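Each reported figure results from applying straightforward, stated rules to the coordinates on display, with no laboratory input. The model shown is predicted, which means the values in this text are computed figures rather than measured ones. All Cβ positions, glycine included, derive from the backbone under ideal geometry; neighbour counts span all protein chains shown.
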Amino acid sequence: MTQLTEASILGALRRIKDPDLHKDIVTLGFIRDLKIAGGDVSFRIVLTTPACPVKAEMENDARDFVSALPGVTSVRVTMDAEVPKGRGIGDKVSIPGVRNIIAVSSGKGGVGKSTVAVNLAVSLARDGARVGLMDADVYGPNVPIMLGVSDARPEVDGNKLIPVEAYGVRLMSMAVLQPGDKPMIVRGPILHGLVKQFLSDVKWGELDYLIVDMPPGTGDVQLSLAQLVPVQGAVLVTTPQDVSVADVRRALRMFETVAIPVLGVVENMSYFIAPDTGNRYDIFGEGGGQRLAQTYGVPFLGAIPLGIEVREGGDRGRPVVVSQPDSPQARAFQHVAEEVARQVSIEAMKPELVVLGKGQ
């Protein structure tokens with residue numbers, strides 16, 4: 001009878017490659033806690049995100065490949081995830097406990113950026129990730145309404161604010177600090193201070209992802225965020241029509257200028273399927289977001305169809321990924337979340353650039 005060895009089991013598992021990192025799961029260090037007891041084999045596969053779209057496929061392949069080894073009588077595979085911590089850039093300050101900061105931005109208002117940010121955050125949380133959502137759209141802080149917590153107020157722990165929680169997401173917004181219809185009239189330097197306070201004076205805790213809902217455009221908040229903390233990447237939201245795409249081009253160039261990687265483009269309100277006939281209507285044009293992604297060589301993260309479900313979910317404080325998880329809109333948001341998590345993992349696993357100082 002052939003004696004099982006750790007080397008033979010790892011050899012079988014080397015056949016499984018991560019489709020994004022292009023290496024086998026043994027070389028990547030995904031295999032943990034390998035145990036052999038006679039013919040019984042057990043191990044964990046620790047992925048870089050709980051939102052991995054090929055998680056079930058990897059689990060099945062691992063079980064099949066190891067089961068085929070001579071002498072194996074049973075295989076127990078446990079799937080797990082540890083989101084890698086994004087790299088710091090220069091002398092920027094990291095937030096304790098926060099592994100990755102993702103900016104959700106657009107070149108103009110009215111494209112559903114906040115809706116994308118909310119459903120992205122909730123989708124990641126539903127996949128098992130630890131998620132925070134920072135509503136940096138100071139002039140139009142609507143995220144608490146969309147999450148059904150507009151009447152909630154943060155508690156204070158010492159000199160730190162405790163985020164409000166909804167659907168597994170920790171939230172901080174100016175709307176929960178200054179409720180009502182009083183307008184925010186602030187200039188650039190004050191905006192910089194507000195962003196800094198939201199980052200450093202909030203007790204975010206351990207987070208895999210901190211999603212930042214940015215105000216539209218390329219102004220002070222974007223620059224403040226880029227200057228203050230190492231943002232791992234930006235998600236750009238557009239609609240298909242040329243006017244929206246033209247504005248997103250400027251946002252894309254802005255993030256390139258401040259050395260923030262663009263994780264990809266989301267095309268929101270992409271098309272409409274009539275519920276009575278099933279006919280598709282490209283109300284805002286067709287394919288603008290995808291063409292933009294191809295032109296600039298960035299990933300196309302997905303297209304979100306128009307649907308009354310999304311609007312109703314936002315107005316009622318129950319995001320569509322919660323209220324109607326099987327709807328085409330919810331499935332599209334889930335796909336976007338998986339793609340964003342994938343791109344964050346790819347960025348985090350890239351070799352770190354070493355910047356040589358003067359005289360070196």
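On alpha-carbon atoms, Rg over Rh for the chain using Kirkwood Rh? Don't jump to the answer; show the numbers that get you there.
On the way: Rg = 22.2 Å, Rh = 21.8 Å.
Radius of gyration over Kirkwood radius for the chain works out to 1.02.
Assuming 1.567 mPa s and 4 °C, estimate D for region 1-118 with Stokes-Einstein, Rh taken as the Kirkwood radius over Cα pairs, in µm²/s.
Using the Kirkwood radius from Cα pairs, D works out to 76 µm²/s.
Just need the relative contact order of the chain here, percent rounded to a whole number, with Cα pairs under 8 Å and 6+ apart.
Over the chain, the number comes to 19 percent.
Grab the eigenvalues of the alpha-carbon gyration tensor for region 241-360, scale each by 5, take roots, and send me the semi-axes largest first in whole angstrom.
The answer is 34, 18, 12 Å, longest axis first.
Report the charge-dipole magnitude of the chain in Debye, nearest 20, computed about the Cα centre from +1 at each Lys and Arg Cβ and -1 at each Asp and Glu Cβ.
740
So which residue, out of G313, G278, G86, gets the largest mean-square fluctuation from a GNM of the chain using Cα contacts under 10 Å as springs?
Evaluated over the chain, the most mobile residue of the options is G278.
Just name one of H22, P319, Q334: the one whose Cα is farthest towards the positive end of the charge dipole of the chain (beta-carbon charges, Lys/Arg +1, Asp/Glu -1).
Of the candidates, H22 comes out farthest on the positive side.
Return the distance in nm (one decimal) between the two label points of a simple spin-label model at K350 and E286, each offset 7 Å from Cα along Cα→Cβ.
Simple spin-label model gives 3.4 nm for this pair.
Suppose each label sits 7 Å from its Cα in the direction of the beta carbon; what would the D201-T27 distance come out to in nanometres?
So the two model labels end up 4.9 nm from each other.
Using only DSSP helix segments of four residues or longer, with each worth -39500 (n - 2.57), what per-residue ellipticity at 222 nm results for the chain after dividing by its residue count and rounding to 500?
Working: 12 runs with 125 residues, N = 360.
That calculation yields -10500 deg cm²/dmol at 222 nm.
Only Cα pairs within less than 10 Å get springs; with that Gaussian network setup on the chain, which residue of L207, L177, L28 has the largest fluctuation?
Greatest mean-square fluctuation among the candidates belongs to L177.
Quick one: of the DSSP bridges fully inside the chain, what percent are antiparallel, nearest 5?
If we restrict to bridges inside the chain, about 25 percent are antiparallel.
Please identify, among S323, S173, S123, the residue showing maximal mean-square fluctuation in a Gaussian network model of the chain using a 10 angstrom Cα cutoff.
S323
Restricting to bridges with both residues inside region 1-87, how much of the DSSP beta-bridge set is antiparallel, in percent to the nearest 5? Mind dumping the intermediate values first?
Numbers: 6 of 14 bridges.
Roughly 45 percent of the DSSP beta bridges within region 1-87 come out antiparallel.
Among A56, S42, T115, which residue has its Cα positioned farthest towards the positive end of the charge dipole of region 15-132, with +1 placed on the Cβ of Lys and Arg, -1 on the Cβ of Asp and Glu, and the dipole taken about the Cα centre?
So the residue we want is T115.
Could you sort the peptides 289-298, 233-242, 101-110 by per-residue average Cβ neighbour count (10 Å cutoff), highest mean leading?
233-242, 101-110, 289-298
Normalising by the residue count of region 1-152, find the relative contact order in percent from Cα pairs under 8 Å and 6+ residues apart.
18
Highest first, please rank the peptides 145-152, 55-62 by the mean number of other Cβ atoms sitting within 10 Å of their residues.
145-152, 55-62
What is the extension gain from R250 to D40, computed as 0.36 nm multiplied by their sequence separation minus the C-alpha to C-alpha distance, in nm to one decimal?
Working: separation 210, 0.36 × 210 = 75.60 nm, distance 5.72 nm.
Gain on extension, R250 to D40, equals 69.9 nm.
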